[in-house]
Amino acid sequence: MSSDFKSVLHETRVFPPSEEFKAKARISSMEEYKRLHEESLNSPETFWGREAGELKWQQPWTQLLDWKPPFAKWFVGAKVNVAENCVDRHVEAGRGDKVAILWEGEPGDTRSITYSQLKDEVCKFANVLKAQGIKAGDRVLIYMPMVPEAAVAMLACARIGAVHSVVFGGFSSESIKDRLHDSGAIAVVTADGGYRRGKVVPLKANVDTALSGGESKVEKVIVLKRTGQDIAMQAGRDVWWHAAEAEVDANCPAEGFDSEHPLFILYTSGSTGKPKGILHTSGGYLAGTYLTSKYIFDMRDDDVYWCTADVGWITGHSYIVYGPLANGVTALMYEGAPDTPHFGRFWEIVEKYKVTILYTAPTAIRAFIKWGDEHVTKYDLSSLRLLGSVGEPINPEAWMWYHQVIGGGRCPIVDTWWQTETGAIMITPLPGVTPTKPGTATLPFFGVDAAVLDDDGKEVGPNEGGKLVIRKPWPSMLRTIYGDAERYEQTYWGTYPGIYLAGDSSRRDEDGYFWIMGRIDDVLNVSGHRLGTAEVESALVSHASVAEAAAVGRPDEIKGQAVVVFVTLKAGVEANDGLANELKKHVGNVIGAIARPDDVRFANVLPKTRSGKIIRRLLKEVAAGGQVKGDTTTLEDFGAVAALMQSQGKDE
Ligand code: WT7
């Protein structure tokens, strides 16, 4: 194995489930977990028949799986309405008065919406979409702040079979434009603005800019009033949410759609080219998010569950909206940032709403540690009973802090490994069952046949590194890359035929636990979100002064990885701090603040292989090597290194 895969972690602490949690757990023991896991792989009809049978299918499936690698169809022949499962099912079961969404805005305004109210809201907005001419199969782009209407808009699309594509509210108009183009969306749902870190984000203005070229197919823009700021409304195209809603009733039958009817497209970064439109469909995605939420977050009737992600990411799709609501749980939604108006904001919310289950990311945990325990300990966190982590490997010390300071030593931690592509959690402990170790996502969930392979496709031995793969299809898997089946096939199924390549490296310890070691490609992971090096580089090269650019990640205490870019300038352009700042801002404008480089390094040349590929490995080392001597105007000179690489014939 190549040395890149050597793991330096040797964690020995083990935390068995507490007796208290064990006594109430849905699954009674590790033996029971193993039995069910085996059943899910060897008798999937029995397993999914029983588990997915808890959902409402308007017509049953005739075949569980139709697998023509790499194309899968799940619950073949079934008819299902995802929104009906997330909303109506609970109202029909007499739980209409239960709170579905508890919401807190960044400025401190609050709302509480019951399942009956949510049903009415979803039906009304579904009728609004219909009235605007949107039909099943049409794509609708959603660009919203973290308000309940974001979930309503998603569920309304699902109800009428329209395919939503949510774009994170922190992304720029350029990102909206790309996604509009790729998805062919005919409508946009947005808001005048949203609150973030005490500022107002101009969402509608960003949409206007994205639409200004006139190349999109967008005919309608539906605008929610959130901040009340001044915005332009284009007659004939733009309609206010509240005005449109006043014209419709709350009656919208939940039509059953084919199990494989597309539910949504969500864009994620790859190492090359434009973001990939990951396509998820109805029945399998619903079954996967329902089941994982139930077993991994142990959702119960009296829980207050809080996932701190944004609906613009897959975590928000699966674990703010679909999974929790399919389970009929009370889900909390918070609009703002964890440090606004103060560093204790999250813990204030946990205390106020008596949150029982909290799902957040290592990057947030590292920030809390840095801000200091005093912002945490002044709140009463005794309501918490279960903690979750997602987005990147959690550092063992951050795990320990989460366990002790947030969880009071009593809450199991579920470190959940999954991806936009997998739709639902794949590798995770089960609370009350799996003994946990800080830093590992432990074992595969039901229906997941995970393994670590070497380059020849052989399973590696204990503690040997290799490539993380999934050997069998699973219900919530992506079905394709929207509009690019070839890229789908190549990216995920081209390395080992018929086997899904996750793009992560991993090892398994002597207990079979999976330790994720990072990405095998050039994808960056900034604050738990994937960023493609190619996207950042294209943004830089779109600046008039830049000739060539290379982006790499540098280990960062808070963000996991910081973005470092190396640029060469066009002839006659002078490298200075002013330009460095301008380039940072430029990338922020083109992609969104999340991609803003932390460090801009100017170079005379970039180190390349003979075939002309930039040697990112070398740049990564340079980026990680601490401070550049002097200020940012220092030019890096890779000429000598490049010459050396050539003479040694080290092609990558
Ligand atoms: C990549 C997927 C899934 C929602 C959030 C990110 C990394 C995610 C873990 C974890 C180690 C993790 C992987 C993966 N990752 N969770 N618990 N332990 N690594 O979704 O943007 O699709 O990114 O995030 O590298 O491939 P995403």
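The values are calculated or read from the model by the stated rules, or taken from the named source; none is laboratory data. Keep in mind that what you see is a predicted model, and the values were worked out from it rather than measured. So basically every Cβ, Gly included, is an ideal-geometry build from the backbone, and we count neighbours across all protein chains shown. When the accessible area is computed, the model is the full protein with side chains, heavy atoms only, and any ligands, DNA or RNA have been set aside. Shrake-Rupley method; radii C 1.70, N 1.55, O 1.52, S 1.80 Å.
Below is a table of values for the structure above.
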quantity: Gyration tensor verdict on segment 426-516 (Cα atoms; rounded if a/c is under 1.5, prolate if a/b is larger than b/c, oblate otherwise); calculated: oblate
quantity: Accessible heavy-atom area order of Ser382, Ser389, highest first, probe of 1.4 Å; calculated: Ser382, Ser389
quantity: In segment 521-576, trypsin sites (Lys or Arg not before Pro) in a DSSP loop with at most 15 other beta-carbon atoms within 10 Å; calculated: Lys570
quantity: Cys with no candidate disulfide partner in the chain (beta-carbon separation under 4.7 Å rule); calculated: Cys86, Cys157, Cys307, Cys411
quantity: Linear extension gain, Ala547 paired with Asp301, 0.36 nm per residue minus alpha-carbon span; calculated: 82.7 nm
quantity: Whole-percent carbon and sulfur share, accessible surface of the chain, 1.4 Å; calculated: 50 percent
quantity: Probe 1.4 Å, protein heavy atoms only - accessible area per residue of segment 527-647 in square angstrom; calculated: 45 Å²
quantity: Amide hydrogen neighbours beyond the local backbone of Leu263, cut-off 5 Å, H modeled; calculated: His280, Thr281, Ser282
quantity: Extension reserve of the Asp109-Trp67 stretch, reckoned as 0.36 nm per residue once the Cα distance is removed; calculated: 10.3 nm
quantity: Cα-based shape type of the chain, given that a ≥ b ≥ c are square roots of the gyration tensor eigenvalues and the cut on a/c is 1.5; calculated: rounded
quantity: Extreme residue, positive dipole direction of segment 527-647, given options Phe566, Ile594, Leu618 (C-beta unit charges); calculated: Leu618
quantity: Segment 421-516: trypsin sites (Lys or Arg not before Pro) in DSSP loop, at most 12 other beta carbons within 10 Å; calculated: Lys458
quantity: Prolate/oblate/rounded label for segment 527-647 (Cα gyration tensor, a/c 1.5); calculated: rounded
quantity: Fraction of antiparallel bridges per DSSP, the chain only, in percent to nearest 5; calculated: 60 percent
quantity: Among the listed pairs Lys124/Lys274; Lys274/Lys570; Lys24/Lys437; Lys294/Lys458; Lys119/Lys225, those beyond 28 Å (Cα-Cα); calculated: Lys124/Lys274; Lys294/Lys458
quantity: Residue order for His261, His242, His164 - accessible surface, 1.4 angstrom probe, largest first; calculated: His242, His261, His164
quantity: Amide H contacts under 5 Å for Asp310, placed H, 5+ residues apart; calculated: Gly316
quantity: Theoretical FRET efficiency, 1/(1+(r/R0)^6), r = Cβ-Cβ of Leu635 and Thr272, R0 35 Å, to 0.05; calculated: 0.80
quantity: Amide H contacts under 5 Å for Gly388, placed H, 5+ residues apart; calculated: Leu358, Tyr359, Thr360, Val414
